[in-house]
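The values are calculated or read from the model by the stated rules, or taken from the named source; none is laboratory data. Remember, predicted model here, so these are calculated numbers, not experimental data. Using ideal geometry, Cβ is built from the backbone for each residue, glycine included, and neighbour counts are taken over all protein chains shown.
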Amino acid sequence: MLGQSTLEIRYLEKRRNGTLRERAEATENVFSVIDSLGKEKIWYFHDTIFGNDLTPDQMRWFMNGERDARKGYKATWPMIEAFTIGAGLTIGLNLETNAFFIPPLVGIAMILPRVHVAKGSISNPLMEGDEFYATGYARVGRTKRVIRSIIAGFVGVGVGLAANQLVINPNFRKP
């Protein structure tokens with residue numbers, strides 16, 4: 001950490017190539033800062049007027065759930081389903097440009113199901129079953145599921161369009 005004020009926190013970030021880059025983050029987006037001596041200063045405060053509905057301890061559990069979902073939630077089956085729906089409907093209904101409406105609809109449908117915490121992704125076994133941990137996990141997991149489903153749906157539509165044009169109904173003219 002380079003410095004802090006009431007508006008922002010400045011710090012050095014190590015890039016992939018090993019160089020350091022100076023960055024700044026607004027204090028409203030920071031939970032806590034650990035200085036060079038190892039002392040933690042918590043910037044987060046519980047105030048429902050500002051939208052901070054959780055206590056600092058509850059927010060720690062929430063952030064742990066978000067972190068574990070970023071690391072461990074894969075959304076494999078929703079991606080397979082979105083790919084299958086995209087390719088299957090495109091081929092089955094012989095859709096062309098209308099097929100590009102399928103992935104956003106599949107993405108919207110992926111918002112609804114509940115996100116289950118993957119057993120291997122929990123970093124601390126004591127967090128299992130905590131509602132704040134599960135809420136943080138579901139928030140990141142749902143976002144990952146929707147985005148990956150939309151991408152897989154577009155890939156499926158592309159495969160379906162290619163299959164329609166190249167295999168099922170080739171538009172080659174014979175002389």
*Which number in (1) without any contact (Cβ under 8 Å) to a residue 12 or more places away in the chain; (2) in the same structural domain as Ile147 (by TED's automatic domain parsing) marks the one condition that Thr48 misses?*
(2)
_Tell me yes or no: at least one residue of the range 71-81 is more than 25 Å from Ser123 (Cα to Cα), surrounded by 13 or more Cβ atoms within 10 Å (Cβ to Cβ) and more than 23 Å from the chain's Cα centre (by Cα)._
no
*Look at Val140 and say whether it is touching a Lys or Arg at 6+ places or on another chain (Cβ under 8 Å), in contact (Cβ under 8 Å) with a residue 40 or more places away in the chain and assigned to a helix (DSSP H, G or I).*
yes
*With the condition kept exactly as written, say whether any residue in the range 18-27 is under 18 Å from Arg60 (Cα atoms), among the polar types (S, T, N, Q), free of Cβ contacts under 8 Å to residues at least 40 places away in the same chain and in a strand (DSSP E or B).*
no
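A quick yes/no check of all residues on (1) modelled with pLDDT of 95 or more; (2) within 19 Å of the chain's Cα centre (by Cα); (3) assigned to a helix (DSSP H, G or I):
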{"position": "Gly120", "(1), (2), (3)": "no, yes, yes"}
{"position": "Ile147", "(1), (2), (3)": "yes, yes, yes"}
{"position": "Ile150", "(1), (2), (3)": "yes, yes, yes"}
{"position": "Ala163", "(1), (2), (3)": "no, no, yes"}
{"position": "Val167", "(1), (2), (3)": "no, no, yes"}
{"position": "Arg173", "(1), (2), (3)": "no, no, no"}
*What residue, among those in the range 36-55 that are in a helix (DSSP H, G or I) and among the hydrophobic types (A, V, I, L, M, F, W, C), is modelled with the highest pLDDT?*
Ile49
*asked:* Quick check on this structure: which one of Leu12, Leu95, Leu105 is surrounded by 10 or more Cβ atoms within 10 Å (Cβ to Cβ), free of Cβ contacts under 8 Å to residues at least 24 places away in the same chain and closer than 30 Å to Ile168 by Cα?
replied: Leu105
*Give the residue that is farthest from Ile147 (Cα to Cα), with candidates limited to residues of the range 56-99 that are in a helix (DSSP H, G or I) and of a type in the set (S, T, N, Q).*
Gln58
